[in-house]
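Rule-based calculations on the coordinates, nothing more; no lab input. Being a predicted model, the structure only gives us computed values, none of them experimental. In this analysis, Cβ positions are derived from the backbone assuming ideal geometry, glycine residues included, and neighbour counts consider all displayed protein chains.
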Amino acid sequence: MINFKPHSRKDIPHRVRWLNDPSASIFTDNQGGKSTDISEQREWFDRYKKDKNKIFFTIYDNVHPIGFMGLSNIDHSKGEANLFIMIGESGYRGKGIGKMSLQYLIKYAAEKLKLRRVSLEVLKANAPALHLYKNLGFITEKESGKEYFMSLEI
């Protein structure tokens with residue numbers, strides 16, 4: 001059963017593994033190919049916990065963490081935020097978990113945070129994600145180089 005829990009310090013080793021896994025991070029901003037480590041991610045987590053404009057969740061299959069997602073640049077005055085998702089465990093990609101996770105995140109943004117719009121950036125080469133975002137109603141607002149900038153009114 002897929003469930004979602006707020007990101008916690010115990011998730012850091014999983015984040016490191018996923019961010020350093022080329023098959024998981026191929027379509028993300030993986031710091032220009034630079035790897036990360038536990039120390040760097042602990043520092044990131046400490047900053048994250050102080051940032052009131054972000055909320056991240058770890059995606060679980062029962063008790064096994066399989067990815068993470070979240071909202072950043074939350075702007076309550078404008079009613080909008082950016083969203084992202086990473087399914088870190090390769091055996092879970094292409095199984096509908098991304099869709100289920102995004103639906104949860106969009107509902108959370110609308111109902112808990114009272115946001116009216118979410119947006120994202122996606123690489124043009126990421127065909128599965130593009131298909132998912134279009135299926136969920138995201139529209140392309142603009143494109144630049146290798147990316148599309150998409151949004152969804154919620």
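Listed values, structure above:
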{"read-out": "Value of [θ]222 nm, deg cm²/dmol, for the chain, DSSP H segments ≥ 4, -39500 (n - 2.57) each, nearest 500", "value": "-9500 deg cm²/dmol"}
{"read-out": "Between region 83-127 and region 40-55, the Cα center-to-center distance that results, in Å", "value": "20"}
{"read-out": "Spin-label model distance (nm) - Lys78 vs Arg93, 7 Å beyond Cα toward Cβ", "value": "3.0"}
{"read-out": "Derived scalar couplings ³J(HN,Hα) [region 83-96; Karplus, 6.51 cos²θ - 1.76 cosθ + 1.60; whole Hz; x for Gly, Pro]", "value": "10, 8, 8, 9, 8, x, 8, 4, x, 9, 7, x, 10, x"}
{"read-out": "Qualifying chymotrypsin sites (Phe, Trp or Tyr not before Pro) for region 68-119 [loop in DSSP, other Cβ within 10 Å: at most 10]", "value": "none"}
{"read-out": "From the C-alpha gyration tensor of region 39-116, square roots of 5λ in Å", "value": "22, 18, 9"}
{"read-out": "Kirkwood-based shape ratio for the chain, expressed as Rg/Rh from alpha carbons", "value": "0.93"}
{"read-out": "Under Karplus coefficients 6.51, -1.76 and 1.60, residue-wise ³J(HN,Hα) of region 106-122 in Hz, glycine/proline x", "value": "5, 4, 4, 4, 6, 7, 7, 9, 6, 7, 10, 7, 10, 9, 7, 10, 9"}
